[in-house]
Amino acid sequence: MMKEGQAVSSVTEKPVARKRWKLPDETGILGMLIVVFVIFCAMSPNMRTLSNGLVLLLNGAVIGLLALGQTFVLLIGGIDLSTGANIAFMGVLVSLLMAHGVFWPLAVLLTLAAGTLMGVVNGIIIQYFRVPPFIVTFSTMGVMSSLALIITGANSISITQPGFAFIGQGLVGGVPVPVLILAAMAILAGLLLSKTILGTHIYATGGNREAARLAGVNITTTTITVYAVSGLCASLGGIIDTGRLMVGFPTTGLGDELFFSIAAAVIGGVSLFGGVGRVQGAMIGAVLIAVVSDGMNVLNVSSYWQSLVIGVIVLIAVIFDTYRRRSAGVPLSETLRSLLRTHGMRRTG
Amino acid sequence: MAEERLVAQGIVKRYGSATVLHGVALTLRSGEVHGLVGHNGAGKSTLLKVLAGAVAPDGGTILLDGRPVSFASPAAATAAGIACVFQELSLLENLTVTQNLFLAREIASAGILDKQAMRETARRELAANGLNLTGDEKVANLPVAQRQMIEIIGALARNARVILLDEPTTALERGQIDRLVETLRRIARERDVAIVIVDHKLDEIFAVCDHVTALMDGRVVLDAPIATVSHEAVVESIIGQQEAARLQAQAPAVHATAAAKPSPILTARGVGAPRGLRDVSLDLAPGEVLGLYGLAGSGRSRLLRTLYGLEPVGHGTMRLRDRPYRPQSPRAAMREAVVFVSEERKANGFIPDFDAIRNCTLPVLRRHAWGGVIRRQEAEQEAIGVLERLRVRGDIHAPMSRLSGGNQQKALLAKAVLQRPQVLLLDEPTKGIDVGTKAEIHAFIRSLAAQSGVAVLVVSTEEEELLAVCDEVIIMQRGRCSGRRHEAARLDSTTLRRLALETTPEPVLA
Ligand SMILES: Nc1ncnc2c1ncn2[C@@H]1O[C@H](COP(=O)(O)OP(=O)(O)OP(=O)(O)O)[C@@H](O)[C@H]1O
Ligand SMILES: [Mg+2]
């Protein structure tokens, strides 16, 4: 037995592939989430209530959904800037459909289909016309946000079918429906990425497009799929936002949503360079952003500070991601040490 | 009975105005291994890419089992039963070994992966090919030789009817190559597949092939059963008659005598590093070419990377020109005139969209600039000189990514030389370089040492190469090197291999 191992190791570089239990990549960010949450809780008793917890998740649900879609796109090394505008347009669309007498469940399905189609269009332009995703989705962002205004004449559309409120305001077992939708989508997405052929091919496409193509991966399929998923998630976000307000606003989703959703994915370890990251991470990132927003609300900090704080968190996360990439395979402690060393902050003694 | 599995006829490929393949014909028979040889830039890789659906031909027909086929994508070729290992390593570094082995042919039902089945199959295949891996490793963390093996295993395991291998052995060592030769012959026979292997090492071609085809400038110049051709005939068809004659006439390298050697410029004593280096001592003197030999995994490449500041030093001392030397980065090493050519072309970091000339002049612009303004003409003249000396074939004014693999390697050597190194670290310097140019490059390396006084340290898995180019050879075993020298003139490949396997510790340098 021993002899065999030795004979083999003479032709291989590593003597023995040690089996080592590794912390998941998201450990760091989960730790950060817990620390931030504990600090807020210590500062305000209101933060500690269960109802606040649910409000926090409810408010974070749409960003979570966008982050989910964005994760797919980032994984192939793309980006989708059109998701915020997609929310505005899809919110208007679902409202208009209902205003024209379409029964709300059907309106929802049609809107989801439209969102997915929008994503497919993004994907097709990117794949077949070789236009960089930044440009394509930047353009569709403009188109969608304008269309939302043009169709409505910048007026809001009120919704008259009370059943629709269930999607935005309903509770199941005390948990808000949007939170449940997000949870279901996240689980599905996680399974898709980790358990299916398509998931592996998405990672492959993001790892190295040309190598993946040469290996026989259909990169057209993966590209179109990820943008479709992003479009689907965005339309779901538009439907939820509309359901919460029971009014279709042509400007919903045009605020911080896009920025926060990309931030959530990146904070959670989804690499902007493609090929690396998991749904779990993106969801932790989304919750972290929700906690920061909510905590600052509870503490009565001006909302002007929100983007600043989240901006700083993103920066830290990306710096960390870059270091991790550079020292792939090196344990976390080592990475931290080299971070400190290169910046002359090595502890003495 | 060897039936015709794949017949390609009149294959034409043009890139812009340059025609790379002028109506090439190739017939692959089932159960046979087919060798494809030719000088750098002859069109071998292009031909394989056409057969593998990675590149669309401009003319010609391909018959697979008698039926005409045309592949719109590599996926289509894969589906038709053609597997290919391309010249440049093309594993996905962010995926695990198992994921790579099964990429685009995953074991799944209804799209859901059967990870357990894949893991078991992968482990079995890896073990059968002498790789001690679990399959769960990220490819990014594996050394080049293992990656190359993994690609080959992936192609062989595909149950393909045609297997195309473009220089599959460049990073492998003798033992692995022998085993591969064995495997290829067996697979061809047992599974009745047609195998093509592109290789510049003719002994491998003769060991494994049934049939050989030589390309020269995109035309077939030799196509014959291997039994009917001589070694010389093949060399001649690769590099032309005159060149072959010249090569034969060339005197064997004169090795410097051990006597009058200047004091070392670079010394290492008891150097160790966290991953794989334990205890290395060596002296490297100006004007000498020192070989570093060892089995895969002995830490040769790691040592060079450490000397170049790519990996941290754990313990021990290194001195350069009698001053302590501990480079924190390649930049720091370069400032000390230490230059490294890695065995991984991609890691050498040329800029694919810059032409070869610009890539070569990039690190030396300061020398050709005055107040930040570059005297481009002067810089380019110098670069072109070296590129020609190293016989780069292909358009050196076009983006470097368009050069053939071997020619990229030559350009990278040129880039290293242009930096006027005092210590030159070469890892597999002639990887993928054709027989004609190889001798040229050996002579060039020797003249760098003899005439410019450069201290050269060469790592190579090819024993013959070390014996041809080096004055002396030191041996590495499992991360250790005593620094004891063996005179190249008194060695042969067998002795060298034996030395690397011997486990008795050698006396360590004082
Ligand atoms: N994308 C491209 N654009 C333009 N020219 C190219 C391109 N790819 C290859 N070439 C040219 O085609 C010719 C043949 O290249 P190919 O890679 O087939 O050579 P090769 O026989 O495989 O050489 P090597 O032994 O160096 O690998 C070369 O002159 C090369 O410069
Ligand atoms: Mg080639």
Project the alpha carbons of segment A:83-203 onto their principal axes and report the range along each, largest first, in whole Å. 43, 39, 19
On a C-alpha basis, how far is the centre of segment B:435-459 from the centre of segment B:144-182 in Å? Whole number, if you could? 29 Å
What's the whole-number percent of alpha carbon pairs in the protein assembly as shown lying beyond 45 angstrom? 36 percent
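Regarding segment B:351-420, what's the average projected area of the Cα-atom convex hull, expressed in nm²?
Working: hull surface 16.7 nm².
Over all viewing directions, segment B:351-420 projects a mean Cα-hull area of 4.2 nm².
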D (µm²/s, integer) via Stokes-Einstein for segment A:259-318, Kirkwood Rh across alpha-carbon pairs, 37 °C, 0.692 mPa s: value 284 µm²/s
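How much area per residue is accessible in segment B:351-420 when the probe is 1.4 Å and only protein heavy atoms are counted (Å²)?
On a per-residue basis, segment B:351-420 sits at 51 Å².
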Cα extents of segment B:45-108 along the principal axes, largest first, in whole Å, come to 38, 27, 15
At q = 0.13, 0.19, 0.22, 0.23 Å⁻¹, what log₁₀ I(q)/I(0) does segment B:290-348 have when each alpha carbon counts as one equal point scatterer in the Debye sum? -0.35, -0.75, -0.98, -1.06
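Accessible area per residue of segment B:4-239 at 1.4 Å probe, in Å²?
On the way: 8570 Å² over 236 residues.
For segment B:4-239, the per-residue accessible area is 36 Å².
Taking every pair of distinct Cα atoms and averaging 1/r, then inverting, what Kirkwood hydrodynamic radius in Å comes out for segment B:317-445? Mind showing how you got there, number by number?
Values: mean 1/r = 0.0652 Å⁻¹.
Mean inverse Cα-Cα distance, inverted, gives 15.3 Å.
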Quick one: with all protein chains in place, what share of the accessible area of segment B:323-445 is carbon or sulfur, to the nearest percent (1.4 Å probe)? 51 percent
Hull volume in cubic angstrom per residue (convex hull over the Cα atoms of segment A:51-342): 148 Å³
Check each of the trypsin sites (Lys or Arg not before Pro) in segment B:1-103 and keep only those in coil by DSSP with at most 15 other C-beta atoms within 10 angstrom; list them in order. none
How are the C-alpha pair distances of chain B spread across 10 Å bins, as whole percents from the shortest bin up? 4, 18, 28, 27, 17, 6, 1, 0
Beyond 32 Å between alpha-carbons counts as too far, so tell me which of B:K115/B:K201; B:K13/B:K438; A:K195/B:K410; A:K195/B:K201; B:K44/B:K115; B:K115/B:K410 fall in that bin. B:K115/B:K201; A:K195/B:K410; A:K195/B:K201; B:K44/B:K115; B:K115/B:K410
Between B:E3 and A:F129, the FRET efficiency computed from the C-beta separation at R0 = 51 Å comes out, to the nearest 0.05, as 0.70
Using only the alpha-carbon atoms, how far is helix A:177-195 inclined from the longest principal axis of chain A? Give it as 0 to 90 degrees, nearest 10. 40 degrees
Could you work out the relative contact order of chain B, using alpha carbon pairs under 8 angstrom and six or more residues apart, expressed as a whole percent? 16 percent
Degrees, to the nearest 10: B:435-452 long Cα axis against longest axis of chain B: 10 degrees
Shielding by other protein chains, A:203-214, mean Cβ within 10 Å: 6
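Equivalent ellipsoid semi-axes for segment A:43-150, as square roots of 5 times the alpha carbon gyration tensor eigenvalues: give them largest first, rounded to whole Å.
The equivalent ellipsoid of segment A:43-150 has semi-axes of 29, 22, 12 Å.
When the accessible area of segment B:4-239 is split by element with a 1.4 Å probe, what percent falls to carbon and sulfur?
Carbon-and-sulfur percentage of accessible area, whole number: 49.
In chain A, which longest range has no trypsin sites (Lys or Arg not before Pro) that are both DSSP loop (not H, G, I, E or B) and surrounded by at most 15 other Cβ atoms within 10 Å?
By the stated rule (loop sites, at most 15 other Cβ atoms within 10 Å), A:131-345.
Tell me what chain B gives for mean residue ellipticity at 222 nm when only DSSP H runs of n ≥ 4 count, each as -39,500 (n - 2.57), the sum divided by the residue total, rounded to 500 deg cm²/dmol.
Here the helix-only value at 222 nm equals -10000 deg cm²/dmol.
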Probe of 1.4 angstrom, ligands and nucleic acids ignored: what's the accessible area per residue over segment A:51-342, in square angstrom? 40 Å²
Ignoring ligands, DNA and RNA, what percent of the accessible area of segment A:51-342 is carbon or sulfur (1.4 Å)? 72 percent
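What is the mean number of Cβ atoms from other protein chains located within 10 Å of the Cβ atom of each residue in peptide A:266-278, rounded to a whole number?
Numbers: counts 0, 0, 0, 0, 0, 1, 0, 1, 1, 4, 1, 1, 0.
Mean partner-chain Cβ count within 10 Å for A:266-278: 1.
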Among beta bridges assigned by DSSP with both residues in segment B:4-239, the antiparallel ones amount in percent, to the nearest 5, to 60 percent
When the expected Rg is taken as 2.2 N^0.38 Å, what fraction or multiple of it is the alpha-carbon Rg of segment B:4-239? 1.00
Which percent, to the nearest 5, of DSSP beta bridges fully inside chain B are antiparallel? 55 percent
Quotient of C-alpha Rg and 2.2 N^0.38 Å, computed over segment A:144-277: 1.28
Along the charge dipole of segment B:4-239, pointing to its positive end and built from +1/-1 on Cβ of Lys, Arg, Asp and Glu, which listed residue (B:A188, B:G43, B:T228) has its Cα farthest out? B:A188
Threshold 50 Å², probe 1.4 Å: give the residues of segment B:44-76, in number order, that are less accessible with all protein chains present than with their chain alone. B:P74
For segment A:183-233, what size does the Cα cloud have along each of its three principal axes, sorted from largest down, in whole Å? 36, 21, 13
With the contact rule set at Cα under 8 Å and sequence spacing of 6 or more, what percent relative contact order holds for chain A? 29 percent
Mind checking the angle between helix B:144-156 and chain B's longest principal axis? C-alpha axes, 0 to 90 degrees, to the nearest 10. 10 degrees
What does the buried accessible surface come to for A and B, summed over both chains, with the probe at 1.4 Å? Round to 100 Å². 3000 Å²
In sequence order, calculated HN-Hα J values of segment A:220-227 (Karplus, 6.51, -1.76, 1.60; Hz; x Gly/Pro): 5, 4, 5, 4, 5, 4, 5, 5
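The values are calculated or read from the model by the stated rules, or taken from the named source; none is laboratory data. Predicted, not measured: the structure shown is a model, and the values here were computed from it. Ideal geometry is used to build each Cβ from the backbone, glycine not excepted, and the neighbour counts take in all protein chains shown. Calculation scope for accessible area: heavy atoms of the full protein, side chains included, ligands and nucleic acids excluded. Shrake-Rupley method; radii C 1.70, N 1.55, O 1.52, S 1.80 Å.
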